[in-house]
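Notes to accompany the following structure.
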Amino acid sequence: MIDVRQVDKCDETQVRDWWQASHDGAVAGRPYDTYTPWELARQAAATDNPDWDLVFVAAYDGGRVVGAGVTNMPLSDNTDHAYLEVYVPEPERRRGVGTAVLAAVEEVATSGGRNVLVAEAIAPVGGTSPGEPFAARHSYALANREGFKVLDLPQYAGSWGALDEHVAARIGDYRVVEWTNRVPDELVDGVCGALNRFIGMIPTGDLEMGDLNYTPERIRRREERAARLGTTGLAGAALSADGSLAGYHDVFVDAARTSQANIGITMVLPEHRGHSLGLAMKLATHRSLRARFPDCQIVLTGNADVNEHMNAVNGQLGYRLVEQILEFQKVL
Ligand SMILES: CC(C)(COP(=O)(O)OP(=O)(O)OC[C@H]1O[C@@H](n2cnc3c(N)ncnc32)[C@H](O)[C@@H]1OP(=O)(O)O)[C@@H](O)C(=O)NCCC(=O)NCCS
């Protein structure tokens, strides 16, 4: 008998059991373990996030946790959306655990007034994964495809000299500025403006996504929370000759696992494209990453298969496709 219950985030034993099942289900059969490390998950569960409501559920078979899920509900934009996660460790699959966990995370979402439900599955390049038939079985439609990419940082960091020449020939009057963790006061309005245009600028397939809604206060809240969790943000902006923001990019490293870095966002505003600003910002942050975290082995990113320019920049830096990210959607 499978019993799915909400996890008490204040109970570390419950959170640990939930994390273990999530981790084991998420990484099964995959080439890299990129799942949130325990130490970070533990701290994140105990640290309030005013911009996201996260509800964890665990499936019990007797006293054993056999599956886990999350309902991620944005609070500051897209408040009709819920991002659902369902994980079942391999030995527990094909006996209805996933279905029971999905029903529970959906119930949390609908009780929270959400009617656009989005879930993700990872598949090998050119192959399939259990998430696909599972999603289809539960009436989720494939809405977008992204490539999951990895850069072997130490291997490529020394080979970017030719890219500097390419940038120098095209950058004109633009310049790149960098910072760590805190967006400089004079750029924070520009960064919010850029982030709030981001969704409209990237290919999202059939996903129903509304614009983001960043304010300087939200940026500062996010920075404070990252500091509490030990996350370092290395960021850069491309500025035009008059000092206005033309592009923005960030990459994050968690103290709990400095061997990996995650790309957040890379964007160049449409009116400033064609000057290699995306490449210039990425070169800057990747070099800072190499200098600040010499043990960092891989950088992870995901972008739509059809995002031609971003794929070209990533290819130049040495990123390689390792898996497919499939995004499913059910609109109630
Ligand atoms: C997808 C996942 C959650 C399924 O968990 P599960 O406990 O095996 O799911 P269920 O037993 O409830 O399966 C329900 C139905 O989904 C379909 N299904 C699930 N896994 C399948 C597989 N490997 N091949 C074909 N169909 C599958 C079947 O229709 C199945 O019904 P059936 O067993 O009566 O044929 C699990 O494989 C997993 O954790 N994968 C990694 C994370 C992931 O992809 N999450 C889902 C994102 S949408």
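The values are calculated or read from the model by the stated rules, or taken from the named source; none is laboratory data. For clarity, every value in this text was computed on a predicted model and none was experimentally measured. Methodologically, a virtual Cβ is constructed for each residue, glycine included, from the backbone with ideal geometry; neighbour enumeration extends over all protein chains shown. These area figures cover heavy atoms from the full protein model, side chains too; ligands, DNA and RNA do not enter into them. Shrake-Rupley method; radii C 1.70, N 1.55, O 1.52, S 1.80 Å.
Where in segment 150-260 are the helices (runs of 4 or more DSSP H), entirely inside, with at least 1 residues that are farther than 18 Å from SER288 by Cβ and under 16 Å from the mean Cα position of the chain (by Cα)?
It comes to 188-201, 216-229.
If you go through segment 102-149 one residue at a time, how many are of a type outside the set (Ser, Thr, Tyr), part of a loop (DSSP other than H, G, I, E, B) and within 14 Å of the ligand (Cβ to nearest atom)?
Counting residues in segment 102-149 that are of a type outside the set (Ser, Thr, Tyr), part of a loop (DSSP other than H, G, I, E, B) and within 14 Å of the ligand (Cβ to nearest atom) gives 3.
Could you pull out the residue among TYR32, TYR87 that is within 12 Å of the ligand (Cβ to nearest atom) and either at pLDDT 95 or above or within 28 Å of ASP254 (Cα to Cα) (or both)?
Going through TYR32, TYR87 in turn, just one is within 12 Å of the ligand (Cβ to nearest atom) and either at pLDDT 95 or above or within 28 Å of ASP254 (Cα to Cα) (or both): TYR87.
Please count how many residues of segment 134-173 are of a type in the set (D, E, K, R), more than 24 Å from ILE298 (Cβ to Cβ) and either in contact with a helix residue (DSSP H, G or I) (Cβ under 6 Å, 6 or more places away or on another chain) or surrounded by 13 or more Cβ atoms within 10 Å (Cβ to Cβ) (or both).
1
Being within 17 Å of HIS286 (Cα to Cα) and either not in a strand (DSSP E or B) or not β-branched (Val, Ile, Thr) (or both) is the filter here; which residues of segment 261-274 pass it?
Correct list: ALA261, ASN262, GLY264, MET267.
Quick check on my filter: what residues within segment 85-94 are without any contact (Cβ under 8 Å) to a residue 12 or more places away in the chain and either part of a loop (DSSP other than H, G, I, E, B) or within 22 Å of the chain's Cα centre (by Cα) (or both)?
The one that is without any contact (Cβ under 8 Å) to a residue 12 or more places away in the chain and either part of a loop (DSSP other than H, G, I, E, B) or within 22 Å of the chain's Cα centre (by Cα) (or both): ARG94.
Residues of segment 72-84 being more than 16 Å from the ligand (Cβ to nearest atom), open to solvent by less than 20 Å² (accessible area, probe 1.4 Å) and closer than 12 Å to THR110 by Cα, which ones?
Result: MET73, single match.
Cβ-Cβ distance below 6 Å, separation of 6 or more or different chains: which pairs start in segment 14-37 with a residue that is farther than 17 Å from LEU326 by Cα and charged (D, E, K, R) and end on one that is open to solvent by 20 Å² or more (accessible area, probe 1.4 Å) and within 14 Å of the ligand (Cβ to nearest atom)?
ASP17/VAL65; ASP33/VAL27
Checking HIS286 against (1) assigned to a strand (DSSP E or B); (2) in contact with a helix residue (DSSP H, G or I) (Cβ under 9 Å, 6 or more places away or on another chain), which single condition isn't satisfied?
With respect to (1) assigned to a strand (DSSP E or B); (2) in contact with a helix residue (DSSP H, G or I) (Cβ under 9 Å, 6 or more places away or on another chain), HIS286 is out only on (1).
Only one residue in MET281, MET310 is open to solvent by less than 20 Å² (accessible area, probe 1.4 Å) and in contact with a Gly (Cβ under 9 Å, 6 or more places away or on another chain), so which one is that?
Just one listed residue meets the conditions, MET281.
Looking at the structure I just gave you, is ALA103 surrounded by 14 or more Cβ atoms within 10 Å (Cβ to Cβ), in the same structural domain as VAL57 (by TED's automatic domain parsing) and of a type in the set (Gly, Ala, Ser)?
Yes, satisfied.
If we keep just the residues of segment 90-100 that are charged (D, E, K, R) and near the ligand (Cβ under 6 Å from one of its atoms), which is least open to solvent (accessible area, probe 1.4 Å)?
In this case the residue turns out to be ARG93.
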